[in-house]
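The values are calculated or read from the model by the stated rules, or taken from the named source; none is laboratory data. The model shown is predicted, which means the values in this text are computed figures rather than measured ones. Cβ: placed from backbone, ideal geometry, glycine included. Neighbour counts: every protein chain shown.
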Amino acid sequence: MRYSYENTIVVLPKKWTFKNGAKVGMKTGNFDQIPSGDLIAEGFLPITVINNESYNPDTHTRSEPTLTDYADHAELDYTLTPIGLNDIKLAVWERLKRAAREIIVTKWNKEDIDFGLLTGAETTQRNTDITTVKDYAASLKSTLTSGATDTAQKALDIETNATWPTI
């Protein structure tokens, strides 16, 4: 459970002096077992509502939280701002390029290439593999930038549904 104390998100303390003078010390460490009514009386309000259920980091940015204290609880609220479709497409394309690189790097050891340790047949196969992956990535980019990809979800689906060739 998260708590607000004086309109700040806090972790319950290990030691505390109550308003009536009673203490909870480091040895007991059981401040979290105190009845919720007593915690509220001390100003520790449980955060019971967090308004960001529809937050998706692929399609929205989220503001810093606004914490509002009420008599018996606190609420966190965020402002969600949609990310523009072109920015989503750009982010998807960057992740697709990263995936393409990873496919090539996983199969072909860069040090072998750098030190010229590949045979002629291996070099030919590597070049074929790179072309295969690049061609598939180019087809994904074409779909991504086409007019048919007119929503954020369609752009994200291109990445999700990509079936990369086996090399």
Which residue is surrounded by the fewest Cβ atoms within 10 Å (Cβ to Cβ), if the candidates are limited to the stretch 63-97 and must be under 17 Å from the mean Cα position of the chain (by Cα) and assigned to a strand (DSSP E or B)?
T81
Looking only at the stretch 98-152, count how many residues are in a loop (DSSP other than H, G, I, E, B) and either on the phi > 0 side of the Ramachandran plot or at pLDDT 95 or above (or both).
1
Qualifying strands (runs of 3 or more DSSP E) (wholly inside the stretch 1-62; at least 1 residues being closer than 27 Å to D77 by Cβ and touching a residue at least 40 places away in the same chain (Cβ under 8 Å))
3-5, 44-51
For the structure I just gave you, tell me whether T48 is surrounded by 12 or more Cβ atoms within 10 Å (Cβ to Cβ) and in the same structural domain as D38 (by TED's automatic domain parsing).
yes
Report whether or not Y55 is under 16 Å from the mean Cα position of the chain (by Cα) and either under 30 Å from K19 (Cβ atoms) or among the aromatic types (F, W, Y) (or both).
yes
